[in-house]
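What follows draws every value from the coordinates through simple rules; no lab data is involved. Small disclaimer: the values here were computed from a predicted structure and weren't measured. For neighbour counting, all protein chains shown are included, and Cβ atoms are generated from backbone atoms with ideal geometry for every residue, glycine included.
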Amino acid sequence: MKTRTVKPNESNSTGAPAKIWQLRLYVAGQTPRSMTAFANLKKICENHLKGHYRIDVIDLVEQPHLSKGDQILAIPTLVRKLPPPVRKIIGDLSDTERVLVGLDLRPAD
Amino acid sequence: MKTNGPKPASPAARLPKCPTGIQGLDEITRGGLPRGRPTLVCGGAGCGKTLLAAEFLVRGALQFGEPGVFMSFEETEAELKGNVALLGFDLAGLVRRKKMLLDHVYIERSEIQETGEYDLEGLFVRLNHAIDSIGAKRVALDTLEALFAGLPNEAILRAELRRLFRWLKDKGVTAIITAERGSEHLTRHGLEEYVSDCVIVLDHRINEQIATRHLRVVKYRGSPHGTNEYPFLIGDDGISVLPITSLGLNHAASSKRISTGIARLDAMLGGQGFFCGSSILLTGTPGTGKTSAAAFFAQAAARRGERALYFAFEESPSQIMRNMRSIGLRLEPPIKRGLLRFHSARPTLYGLEMHLAIMFKEIFTFKPAVVIVDPMTSLLVAGSESETKAMVTRLIDFLKSQQITSLFTSLTHAGNPLQQSEIAISSLMDSWLLLQDIEGNGERNRVLYVLKARGMAHSNQSREFLISDRGIDLVDAYIGPGGVLTGAARAAQTARDKAEALASQQETARRQRELDRKRAALQRQIAGLRSEYEAEEEELRRLEEQVAKRTRVLTSERTELARLRHADAKKALSAPDNPKTKERD
């Protein structure tokens, strides 16, 4: 299983007792685009959700059966599992503004 | 059938084909879809695209041992199972046995945010996984165009679709890709640009409020195919495309004969009735007894122990039975024995395709030896003339291939020329009987003619067709008011000849009698003359006797006298001559 899980940071405790954001990034192999997407996601999360997020990276080449559950077509796809409702963002997440809108995150002040 | 492709020689050898198992489609495509390549099926809403794709997979799994993946972009697995279950396909069972895999791909535009570059590798992975998990040989994608609604970037989508079709080919699966019909292109999003091997267009046209589905193979690279538009049916057992040419003209012709149920009609048809497996047309103006003749034919089949299927498009079965009772024909016993079945339906109830589908199904289940369609002309209201003709042609082809004898009644309207039989199908028929009303001398009489009867000697005379409470009877050579038909005119002529011959015979006899009388009269006259002559002769004789007597007396007196006078004896001897002559003067 190639799932990389980024655990919530230790700084978690310092923040508000906010909900944990559960994010899932679907990729297909270690393509440059997947790497870019993961890097972009990491950066955004660190900037906006520090300590309140968890990223599961699912490589569909390794686990093709998982594509069905979240109805994955496009690669890469970021799925916000929690908090509800489920939201999907496709692409390499290079457009930070749109990722924030997509995740329903208010841009940091 | 027209063919495409420059070299029709042994196309199968060059292009491997994948049989669909769908009735008729394999005949049009000469063996099936191109194996290992994608085929595009496009058509408007409700054309049967999904069903065609599903049937392709189901039949592949059941008949050809090729498992299939159905990837649906519109219907969920449950919906799909439900929909095709109506057509008798057990998708759930196939899925359980890993013969089929259903995958519902759900895309909701509102849930998706696009941020930069992406591809559809997820779809590829998913499809690949599905194919590999059951070793699928067939794939259906229904319908990819949902992606255009779900994904915002069309440029990426197009590039990815191109890649997908390439990939499907490389994967070696035979695929059906469905797409909506577009107004300018074959498909709304121009998918035909990517799928270039085989394109099939489905169509659902409404003609006079009745819908008929059509199928056309627009393109089939590297293979000949039928290019016509073929009506197809969605029946209880799936799709059946019914190309007119599907069966060709190579059905076996039986020389077995079967009775018409009317003894005299059998006699008119060379004494033995119709050929088994032939098609018979019975035309007539209203009220000429078409249904009665058809019912007798059905009963005759039942009497032989054969099954007869009666399609009634105008009357209900009980009405037909009641009416037939009135002419002494009881249809209930054969129905009870399961030898006769009625199928009644209003022609306008559904389109021609459904009629045909239902008729086929009835024929398949009941397996009759005789099929009666009464009246065929009613079907005209369910479709245009050419469609009806095509339908009847297919029906006849089918029946002939099954060696089923078929009788079609057809209503002709009074005043129409005789030969203009309604659906111009007379050329398809082996035998054609015509029932007609002839009015004259204040009464209407039914007349039956055998217009044609292929392959048998048949009477060219018209017969009066009598319907009584004891059934149907045909009476010889009806002499009509003349000039209506050659048969009748000829019959009249022979009757006249006969009368003349009789008259001249009588004349001869009369003259003979006269001559006899004359001879008798003449003989009587001769006899009279003779008796007169004899009377005269008799008198003459008597006179001579008297004269002789007198002479004798005179002589004796003279001799006596001479003796007395002692006259010379010599003178006395020569004297008798002279007194005789003196006396005569």
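Couple of notes before you dig in:
- Under-5 Å amide H pairs with B:I404, H placed in peptide plane, nonlocal only: none
- Remark: relative contact order (chain B) = 12 percent; criterion is Cα-Cα distance under 8 angstrom and separation of 6 or more residues.
- Amide H contacts of A:L82 (H built 1.01 Å from N, under 5 Å, at least 5 apart or other chain): A:Q22
- Region B:491-572: C-alpha gyration tensor shape, a/c 1.5 cut-off, then a/b vs b/c: prolate
- The alpha carbons of region B:257-478 stretch over 47, 39, 34 Å along the principal axes, in descending order.
- Over 20 Å (Cα to Cα) - which of B:K81/B:K169; A:K19/A:K50; B:K336/B:K400 fall in this group: B:K81/B:K169; B:K336/B:K400
- Using θ = phi - 60° in the Karplus curve 6.51 cos²θ - 1.76 cosθ + 1.60, the 3J(HN,Hα) couplings for region B:192-201 round to 4, 4, 9, 9, 10, 7, 8, 10, 10, 10 Hz; x is entered for Gly and Pro.
- Exposure proxy order (Cβ contacts within 10 Å, fewest to most) of B:D197, B:D497: B:D497, B:D197
- Residues whose amide H comes within less than 5 Å of that of B:L340, counting only those at least five positions distant or on another chain, are B:A308, B:I335 (H built at 1.01 Å from N in the peptide plane).
- In order along region B:267-280, phi translates into HN-Hα couplings of 5, 5, 9, x, x, 10, x, 7, 6, 5, x, 8, 10, 10 Hz, rounded to whole numbers, per the Karplus curve 6.51 cos²θ - 1.76 cosθ + 1.60 with θ = phi - 60° and x for Gly and Pro.
- Vicinal HN-Hα couplings computed from phi for region B:454-462 (Karplus, 6.51 cos²θ - 1.76 cosθ + 1.60; Hz; Gly/Pro x): 5, x, 8, 5, 9, 5, 9, 9, 8
- Exceeding the 32 Å Cα-Cα cut-off - candidates A:K42/B:K98; A:K88/B:K171; B:K256/B:K389: A:K42/B:K98
- Between the exposed loop cleavage positions of chain B, defined as GluC sites (Glu not before Pro) in a non-H, G, I, E, B DSSP state with at most 12 neighbouring beta-carbon atoms within 10 angstrom, the longest gap is B:209-585.
- Inter-part distance where region A:31-106 and region B:135-212 are each reduced to a Cα centre, Å: 30
- Prolate/oblate/rounded label for region B:11-246 (Cα gyration tensor, a/c 1.5): rounded
- Taking a ≥ b ≥ c as the square roots of the Cα gyration tensor eigenvalues, chain B comes out prolate, since a/c reaches at least 1.5 and a/b is larger than b/c.
- Listed by chain and number, the aspartates and glutamates whose C-alpha is less than 17 Å from the C-alpha of B:K498, apart from same-chain residues fewer than 8 away, are B:D476, B:E507.
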